[in-house]
1. Please indicate, with yes or no, whether at least one residue in region 36-51 is under 22 Å from THR155 (Cα atoms) and away from the ligand (no atom under 14 Å from the Cβ).
2. Please identify the pairs in which a residue from region 149-168 that is polar (S, T, N, Q) and part of a helix (DSSP H, G or I) has its Cβ atom under 9 Å from the Cβ atom of a residue that is at pLDDT 95 or above and more than 8 Å from the ligand (Cβ to nearest atom), counting only partners at least 6 apart or on another chain.
3. Find all pairs meeting these conditions: Cβ atoms under 9 angstrom apart; at least six residues apart or on different chains; first residue within region 102-129 and more than 23 Å from ALA146 (Cβ to Cβ) and without any contact (Cβ under 8 Å) to a residue 60 or more places away in the chain; second residue within 14 Å of the ligand (Cβ to nearest atom) and of a type in the set (Lys, Arg).
4. When you go through (1) modelled with pLDDT under 95; (2) within 21 Å of THR159 (Cα to Cα) one by one for LEU66, which number turns out not to apply?
5. For region 119-154, enumerate the residues that are within 14 Å of the ligand (Cβ to nearest atom), out of contact with any Ser or Thr (no Cβ under 6 Å at 6 or more places or on another chain) and more than 21 Å from VAL12 (Cα to Cα).
6. Determine, yes or no, whether GLY108 is more than 16 Å from PHE143 (Cα to Cα) and surrounded by fewer than 20 Cβ atoms within 10 Å (Cβ to Cβ).
Amino acid sequence: MKASAVTTAARVLSCVKSSASRRRSGSIVLKPENVTHIVVHCSYTPPSMDVDVRTIDRWHRVRGWLMVGYHLVIRRDGTAENGRPLNMVGAHVSGYNNRSVGVCLVGGMKEGTAGAHPVDETNFTPEQYTTLAIVVRTLKDKFPNAVVVGHNDLTRTKTCPTFDVKAWAASLNL
Ligand SMILES: [Zn+2]
């Protein structure tokens with residue numbers, strides 16, 4: 001493993017760990033043994049937008065949600081950020097929230113198409129894919145019953161995150 005990948009791994013591991021150890025009273029508890037899916041999403045923003053977890057948190061609160069609906073957000077530079085704590089049920093996929101963890105890749109929209117007719121584009125950076133692989137491996141250790149899928153695998157009307165997550169995971173033996 002390259003030094004940069006090791007650094008990324010250490011950062012991601014501490015990210016996942018601190019998220020899991022946090023407690024929120026009054027929230028719905030996500031039990032590790034119930035987690036059957038790790039669901040990959042995209043923020044559906046153009047590549048030039050450096051969206052972070054605080055931005056998405058703001059968007060989701062405007063919708064009336066408790067806080068950011070994803071458990072992890074992976075920024076354009078490959079940085080993984082904590083969203084909703086891993087011991088809390090998320091808000092990211094209809095019908096599966098109480099048995100899944102949501103990971104959001106920032107990107108997925110073609111530059112210059114925001115507005116009335118946005119266009120999907122699989123435009124994630126190599127750093128994001130590297131971090132995603134580390135995040136998925138770490139989450140699978142924590143949730144051994146979970147398989148990794150895309151939002152588009154669970155909700156047929158969605159194209160999010162714009163690529164075949166199962167094929168990507170299979171190519172890396174995840
Ligand atoms: Zn999604």
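The values are calculated or read from the model by the stated rules, or taken from the named source; none is laboratory data. The structure displayed is predicted, hence computed values, not measured ones. Methodologically, a virtual Cβ is constructed for each residue, glycine included, from the backbone with ideal geometry; neighbour enumeration extends over all protein chains shown.
1. The answer is yes, given that some residue of region 36-51 is under 22 Å from THR155 (Cα atoms) and away from the ligand (no atom under 14 Å from the Cβ).
2. Pairs found: ASN152/THR159; ASN152/THR162; ASN152/PHE163; ASN152/ASP164; ASN152/VAL165.
3. none
4. Evaluating LEU66 over (1) modelled with pLDDT under 95; (2) within 21 Å of THR159 (Cα to Cα) leaves (2) as the failure.
5. Passing the criteria: HIS151, ASP153, LEU154.
6. In short, no.
Matching residues to (1) touching a helix residue (DSSP H, G or I) at 6+ places or on another chain (Cβ under 6 Å); (2) modelled with pLDDT under 95; (3) closer than 16 Å to HIS37 by Cβ; (4) β-branched (Val, Ile, Thr):
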| position | (1), (2), (3), (4) |
| --- | --- |
| ASN82 | yes, no, no, no |
| VAL93 | yes, no, yes, yes |
| GLY102 | no, no, yes, no |
| HIS117 | no, yes, no, no |
| ASP120 | no, no, no, no |
